[in-house]
Amino acid sequence: MADVPKPGQSPGSAAATAASPTAQPDAARAPLKTPLSRVKPRTGAPTGPIIGIDLGTTNSCVAAVRGGKPFVIRSREGHNTIPSIVSLTAKHQLVVGHPAKAQLVLNPKQTVFGAKRLVGRPYVSDVVGLVKEHFLYEIVEGADGEAAVKLGHDVFTLQQLSAMILVEARELASQELGVEVQRAVITVPAYYNEHQRQAVRQAGALAGLHVERIINEPTAAAIAFGYGRQLEKTVLVYDLGGGTFDVSLLQLSDKVYEVIGTAGDTFLGGVDFDKAIADHLATIVQEKLGPDFPVHTVRERLVEAAEVAKRALSEQQEARVHVPWLAQPPGQPPFELDVKLTRPQVEDLVSGLVNRTMEVCMEVLKTAGKTPADIHEVILVGGQSRMPMVHDTIESWLFRAPNSAVHPDEAVALGAALFAHSLGLEEGVTLIDVLPMSIGVGLPGGRYKRIIERNTKLPHARTYGIATVRDDQEELEISIYQGEGELTDDVEYLGTAKLGPLPRGPKGAVTLAVEFALSSECLLTVTARDAKGRFEVKSVFSTRDTPEVVKARVARAERIAAAVKAAKTAAANKQTSATAAPAGGGFLSRLIGRMFGGRKK
């Protein structure tokens, strides 16, 4: 396993032994320079303008405010968005944005896209396992147990890859504004968990940015919609982007934006629509070339063709899919794919995905105690929301057309920039957000207890009581999860809060009041206070422990407690002479010693 490079440094060369298309002999290979190498250490407090960055799954967008007006900062190639792609070229160079996108078909195994779905995820999680099946680049376990990506000889964390995109955004903004940009407001999906939010903050720091605030993407879009309009409305933001879907219900009251409810799906977006169409094209290819044809070898070209057709069908009823020289079957002329797709065909292929978005919308309304009649406006955000089927489905649900007043690709970045601008004003924007997913603790037997329920207004703090479970216990561990299930298997593992050192005392004598405190940005701090007021400790989250390790530790503790209890009961009930006592004590000591791996407690 390669060491993960430190912030601002290029990765080391001793990372991997497996060959890759870009690999060079170790002796001849120069250290890989990354965009992070250009980040200079900052001294003193951050100063200057605050920009807004929409760090997207497919594309990212950066915006700023000048003269009270928000505007999007163009990429080096003159586009309003930057592809959220990083690629290692055949010349052993890391490129970001449009140059990286050009590598997607030519060099897919060394080109990282969709990394937003992986950021902050443990490598052993089901989510990462699912992603690995669909991405061609190599996803590996990082030094901290989180998912990482191997490019050539080097291993990069998802925070580093995200930071490379943020470096590009920062440099574009600095060039446009004529001053070094050091501060930013960065948006995240409303349904991001605590790990993912912290990971985005880390990515910002690696990029040389002081992250003034993390705000949810639907909330940023609502700011872009309502800023300066003195609105009194209930709006639903439907945000269907490249890789994630979020929906938030907000009450707009002039400069106050209060989130009433939120929900989402971090695995539902435009790439899933592309996949559904590409699967259909793959079926056609195999019908032509036979079931033994390795269709995975042309997968990226089919996905690219699917995306082009999808975009065309948002404007017209029929589109031609033409992929020349797709394959060279043995003993046959080159095969080219040339078919027509109609809008009804594609709508049939993706109808299940659109229906899933509507189920999430209904869930938000139900949780908030609202009905469609209570909504004044539906704001569409995200590139995939352009699909006519999305408009038609929402209109049939609300009996009126959704609002198209904001640009689906730019609204989130513009809203983030407006919020950033308001931070310097006396009467700026006030955000009242909610917790997207419940937070709780793991209990013996794999049970999950919710401590703070979803849609609780932020900031918020709640206290949970806990006591020591054995004599002279030096440390307490609380496994923290996030989600709505009943068992720890059904929710997301966040980490282990380790509380200690604790005062010595008999079992149950040391009781702690554990406070779960959520900031206005939905960032979690766990603090334990002794009930007798003797001390206070804050947790240190351990992301090295996987859910499986935590469950094994809990099960082991249960076995130890049961064995000790059984042995003590047996010893108390056994009527033996004084000479027999050492043998009983020796057995108990040996039993506990074996279960603790020979360690004394």
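The values are calculated or read from the model by the stated rules, or taken from the named source; none is laboratory data. Just so it is clear, the structure is predicted and the values come from calculations on it, not from any experiment. Methodologically, a virtual Cβ is constructed for each residue, glycine included, from the backbone with ideal geometry; neighbour enumeration extends over all protein chains shown. Note: accessible area is taken over every heavy atom of the protein model, side chains too, but ligands, DNA and RNA are not part of it. Shrake-Rupley method; radii C 1.70, N 1.55, O 1.52, S 1.80 Å.
Amide H to amide H, with H built 1.01 Å from N, HIS210 comes under 5 Å of ARG183, ALA184, counting only residues 5 or more places away or on other chains. Sorted on the mean count of surrounding Cβ atoms within 10 Å across their residues, most packed first, peptides 46-53, 62-69 read 46-53, 62-69. For segment 34-144, the extents of the C-alpha atoms along the principal axes are 48, 31, 25 Å, listed from largest to smallest.
For segment 203-301, carbon and sulfur atoms together expose 48% of the accessible surface, with a 1.4 angstrom probe and every protein chain in place. Couplings for segment 76-86, taken from phi via the Karplus curve 6.51 cos²θ - 1.76 cosθ + 1.60 with θ = phi - 60°, read 4, 8, x, 8, 7, 10, 10, x, 7, 9, 10 Hz in order; Gly and Pro are left as x. Taking 15 Å as the straight-line reach from the Cα of LYS101, the aspartates and glutamates in range (excluding those fewer than 8 positions away in the same chain) are GLU77, GLU168, GLU300, GLU304, GLU307. The HN-Hα couplings worked out from phi for segment 189-196 by the Karplus form 6.51 cos²θ - 1.76 cosθ + 1.60 (θ = phi - 60°) are x, 4, 8, 5, 8, 5, 4, 5 Hz, whole numbers, x standing for Gly and Pro. Heavy-atom accessible surface of segment 264-347, averaged per residue, reaches 53 Å², computed with a 1.4 Å probe. Residue-wise HN-Hα couplings along segment 160-168, as the Karplus relation 6.51 cos²θ - 1.76 cosθ + 1.60 with θ = phi - 60° gives them from phi, are 5, 5, 5, 5, 5, 5, 5, 4, 4 Hz; Gly and Pro carry x. Using Cβ point charges alone (K and R +1, D and E -1), the dipole size of segment 23-171 about the Cα centre works out to roughly 640 debye.
Here are some pairs, LYS109/LYS310; LYS40/LYS109; LYS69/LYS132; LYS91/LYS116; which of them have Cα atoms lying more than 32 Å apart in this structure?
The answer is LYS69/LYS132.
Surface composition of segment 440-501: carbon plus sulfur atoms hold 46% of the accessible area, using a 1.4 angstrom probe and ignoring ligands, DNA and RNA. Between amide H atoms placed 1.01 Å from N, distances below 5 Å from ALA327 occur with PHE335, all of them 5 or more places distant or on a separate chain. Solvent-accessible surface of segment 49-184, taken per residue with a 1.4 Å probe and all protein chains present: 35 Å².
Spin-label pair GLU426-GLN317: with each label point 7 Å from Cα along the Cα-Cβ axis, the two points sit 6.0 nm from one another. Under the convention that each Lys and Arg Cβ holds +1 and each Asp and Glu Cβ holds -1, the size of the dipole of segment 250-355 around its Cα centre is about 200 debye.
When each of the peptides 270-278, 402-410, 329-337 is scored by how many other beta carbons lie within 10 Å of its residues on average, the order from highest to lowest is 270-278, 402-410, 329-337. Note on segment 171-264: dipole from Cβ charges, positive end direction compared against ILE186, ALA224, VAL259; the farthest Cα belongs to VAL259.
Highest mean first, the peptides 306-316, 108-118, 128-138, 142-152 sorted by other C-beta atoms within 10 Å per residue fall in the order 108-118, 142-152, 306-316, 128-138.
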